[in-house]
Amino acid sequence: MLIVMKPTATEAEIQQVVDRIEEMGFRGHKLPGRQLTAIGITGNKGPVPAERFESCTGIAETISVTQPFKLTSRQMQAEDTIVDVGGILVGGHLFHVMAGPCSVENEEQILRSADAARSAGATFLRGGAFKPRTSPYEFQGLKEEGLQLLAKARERTGLKVVTEVKDTETLPMVAAYADLLQIGARNMQNFSLLEAVGRLQKPVLLKRGMAATIKEFLMAAEYVFSTGNQNVILCERGIRTFETMTRNTLDLGAVAVLKEMTHLPVIVDPSHGIGIRRHVPALARAATALGCDGLIIEAHPDPDRALSDGAQSLTFEMLDHLMADIRKLVPIAGRVLGTLPS
Ligand code: PEP
Ligand code: MN
């Protein structure tokens, strides 16, 4: 159930409702909006009788939420969530591009990538320092040294850093360096990791699992949200289907559905979404036109020699060309390209 407070409701009235929910053995989540505050209830097995709140003042209406995902649903909050990543706002009418290599490989590679991302117009530098690879014999990432190099690149360019956190053990270390914590497709249902990032206030980029339904994806976001962290950005990165000509099947339909069902920002990863360099720009353009909130794109100074995902990584020249198209499409999609503070 969702309790919508009147715009004039005081903090004491809001707290009284939360206390009433907690007396009933459930959890009350305050969801402050631009004009009014709503309070979500979780932990209840069946419907919560609205009469229990009759003596509370300041309530505008009670709404029963029929979706299994509650806090992340549009029923709960009609307006878009805007996630503040160190002063860069993601969601709403803004559109952001995150670019960089799949993995941080060495200082020169990441600094060159950061310069290229910045001059193309990206606001985030991506790069994995802890890589969850399918084979244990493949490059596993530079770990803390990689995080330090990302921090150096941030200092040099002002770009925000998005990097993957692979497990709860390394979470404190990764959180100390990252601006945006990426949870990879392979970890979308790692519930202890979801709860652990839920206990932080650091923004989270949650990627869709390769075999996850939209509902499962939203339920994973619900874990982070219900544990206490409302700074969640979703990322569609393709799912595994019967198709073998592409690495994954980018599910742009899911983006349209997600934008309707949830108030969270939704970005698209066209690189993992197809796995084929020459086709990445077309998917990036399609996703932009569709109305997603941003893109995360792999780009590398020498893709053919990349230690991971070279086949899907753009050259910097391709990134520049793509960005020229994105600049034209963003306003058509009713958005504004987000920039770094000057
Ligand atoms: C990545 O971003 O490099 C990555 C490993 O992505 P995913 O978790 O979507 O496979
Ligand atoms: Mn990758």
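The values are calculated or read from the model by the stated rules, or taken from the named source; none is laboratory data. Bear in mind the structure is a predicted one, so any value in this text is a computation, not a measurement. Cβ atoms come from the backbone with ideal geometry, glycine included; neighbour counts cover every protein chain shown. For the accessible areas, the whole protein counts, side chains as well, though only heavy atoms, and no ligand, DNA or RNA atoms are used. Shrake-Rupley method; radii C 1.70, N 1.55, O 1.52, S 1.80 Å.
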task = Answer with yes or no whether Arg156 is more than 16 Å from ligand 1 (Cβ to nearest atom), open to solvent by 20 Å² or more (accessible area, probe 1.4 Å) and at pLDDT 95 or above.
result = yes
query = Across region 184-210, which residue is surrounded by the most Cβ atoms within 10 Å (Cβ to Cβ) among those that are touching a strand residue (DSSP E or B) at 6+ places or on another chain (Cβ under 6 Å) and in contact (Cβ under 8 Å) with a residue 40 or more places away in the chain?
reply = Leu205
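Mind listing just one residue for me: the one in region 284-307 that is of a type outside the set (A, V, I, L, M, F, W, C) and open to solvent by 40 Å² or more (accessible area, probe 1.4 Å) and, of those, farthest from ligand 2 (Cβ to nearest atom)?
Here is the first cut: in region 284-307, the residues of a type outside the set (A, V, I, L, M, F, W, C) are 285, 288, 291, 293-294, 298, 300-305.
If we keep only those that are open to solvent by 40 Å² or more (accessible area, probe 1.4 Å) as well, we get 285, 302, 304-305.
On the way: Arg285: 20, Asp302: 16, Asp304: 15, Arg305: 15 Å.
Across region 284-307, the extreme among qualifying residues is Arg285.
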Sole residue being over 21 Å from the mean Cα position of the chain (by Cα), near ligand 2 (Cβ under 10 Å from one of its atoms) and open to solvent by less than 40 Å² (accessible area, probe 1.4 Å), chosen from Gly275, Gly310 = Gly310
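Between Thr262, Thr244, which is over 19 Å from Gly338 (Cα atoms), away from ligand 2 (no atom under 16 Å from the Cβ) and surrounded by fewer than 19 Cβ atoms within 10 Å (Cβ to Cβ)?
Working: Thr262 fails: surrounded by fewer than 19 Cβ atoms within 10 Å (Cβ to Cβ).
Going through Thr262, Thr244 in turn, the sole match is Thr244.
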key: Among residues of region 259-288, those that are closer than 21 Å to Pro303 by Cα and either within 12 Å of ligand 1 (Cβ to nearest atom) or acidic (Asp, Glu) (or both), counted   = 7
ask   = Of the residues that sit in region 223-234 and are open to solvent by 10 Å² or more (accessible area, probe 1.4 Å) and within 17 Å of Pro32 (Cα to Cα), which one is nearest to ligand 1 (Cβ to nearest atom)?
value = Asn231
Of residues in region 106-121 being within 16 Å of ligand 2 (Cβ to nearest atom) and of a type in the set (A, V, I, L, M, F, W, C), the one surrounded by the fewest Cβ atoms within 10 Å (Cβ to Cβ) = Ile110
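So for region 134-146 (the condition being of a type in the set (Lys, Arg), assigned by TED's automatic domain parsing to the domain that holds Glu298 and on the phi < 0 side of the Ramachandran plot), does at least one residue qualify? Walk me through how you get there before you give the answer.
Start the filter on region 134-146 by keeping residues that are of a type in the set (Lys, Arg), which leaves 143.
Those left that are additionally assigned by TED's automatic domain parsing to the domain that holds Glu298: 143.
After this cut, where a residue has to be on the phi < 0 side of the Ramachandran plot as well, the list is none.
There is no residue in region 134-146 that is of a type in the set (Lys, Arg), assigned by TED's automatic domain parsing to the domain that holds Glu298 and on the phi < 0 side of the Ramachandran plot.
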key: Pair list, Cβ < 8 Å and 6+ apart or interchain, from region 125-145 residues that are over 14 Å from Glu169 (Cβ atoms) and open to solvent by 80 Å² or more (accessible area, probe 1.4 Å) to residues that are part of a loop (DSSP other than H, G, I, E, B) and away from ligand 2 (no atom under 11 Å from the Cβ)   = Glu145/Ala129
query = Of the numbered conditions (1) touching a helix residue (DSSP H, G or I) at 6+ places or on another chain (Cβ under 7 Å); (2) of a type outside the set (D, E, K, R); (3) within 14 Å of ligand 1 (Cβ to nearest atom), Ser308 satisfies every one except a single condition; which is it?
reply = (1)
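Would you pick out the residues in region 141-174 that are under 15 Å from the mean Cα position of the chain (by Cα) and either β-branched (Val, Ile, Thr) or farther than 15 Å from Ile233 by Cα (or both)?
Here is the first cut: in region 141-174, the ones under 15 Å from the mean Cα position of the chain (by Cα) are 160-165.
If the condition is that a residue be under 15 Å from the mean Cα position of the chain (by Cα) and either β-branched (Val, Ile, Thr) or farther than 15 Å from Ile233 by Cα (or both), then Val161, Val162, Thr163, Val165 are the ones that fit.
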message = Whether any residue in region 314-331 is of a type in the set (Gly, Ala, Ser), more than 16 Å from ligand 1 (Cβ to nearest atom) and within 19 Å of the chain's Cα centre (by Cα) is what I want to check.
response = no
query = Is it the case that some residue within region 43-60 is within 25 Å of Leu180 (Cβ to Cβ), surrounded by fewer than 16 Cβ atoms within 10 Å (Cβ to Cβ) and not aliphatic (A, V, I, L, M)?
reply = no
